[in-house]
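Here is the structure we will look at.
FYI, it's all coordinate maths here, none of it is from the lab. None of the values given here were measured: they were computed from a predicted structure. We place every Cβ from the backbone using ideal geometry, glycine too, and count neighbours over all the protein chains shown.
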Amino acid sequence: MLPKICKNKDNKNATVFPTLDYILRFDGCSKGNPGLAGCGAAIYHDNDEIWSGYMYVGDNSTNNHAEYAGLILGLQQALEMNIVSLAVEGDSQLVINQMNKIYNCKSPNLFELYEKANELTKKFKIITFNHIYRKQNKRADQLSNIAIDK
């Protein structure tokens, strides 16, 4: 989503960024990397958690694979909830930078997941991807670990 250029009260150009009421936070983890892997995601509206989920990813999956699985899990749920404008936040710089087209996805192991995530993003009216630190992503991290523990 590109910022909008508007005139401020002094008739000068000002950049306006849209505010998004829905936030998706996702995470993935792998014990062994590759190893037992799980993912989790949570959707927030006005800072209240309105949905959370987790999924076991596999016995021999990488952390990056699990991260993408968490992103896809959350995007699919947001679409099921008819959310059209979404801020996506995750602590994986790789995934966030690939989704923002800063990095290319060169890994054959991730490319199918990357393509699936990109196809899902086309269904949103507005979507942004932002990197956050792990301490800001505790709930999604907790969910990804629950997926492995079950």
About the Cα centre, and with charges only on the beta carbon of Lys, Arg (+1) and Asp, Glu (-1), how big is the dipole of the chain? Nearest 20 debye, please.
580 debye
Expressed as an acute angle from 0 to 90° and rounded to the nearest 10, what is the orientation of the C-alpha long axis of helix 63-80 relative to the principal long axis of the chain?
60 degrees
With labels modelled as points extended 7 Å from the Cα through the Cβ direction, what inter-label distance (nm, one decimal) is found for Ser85 paired with Asp59?
4.7 nm
Helix 138-149 versus the longest principal axis of the chain: what is the Cα-based angle in degrees, 0 to 90, to the nearest 10?
20 degrees
Give a quick list of trypsin sites (Lys or Arg not before Pro) in segment 92-141 that DSSP marks as loop, anything other than H, G, I, E or B, with at most 16 other Cβ atoms within 10 Å.
Lys101, Lys106, Lys122, Lys123, Lys125
Out-of-range pairs (alpha-carbon distance over 21 Å; input Lys31/Lys135; Lys106/Lys135; Lys101/Lys135; Lys31/Lys116; Lys123/Lys150)
Lys106/Lys135; Lys101/Lys135; Lys31/Lys116; Lys123/Lys150
Return the loop-located chymotrypsin sites (Phe, Trp or Tyr not before Pro) in segment 96-137 (DSSP other than H, G, I, E, B) with at most 10 other Cβ atoms within 10 Å of their own Cβ; answer none if there are none.
Tyr133
The Cα extents of the chain along the principal axes, largest first and rounded to whole Å, are 59, 35, 28
The chain: angle of helix 108-121 to the longest principal axis, Cα-based, in degrees nearest 10
40 degrees
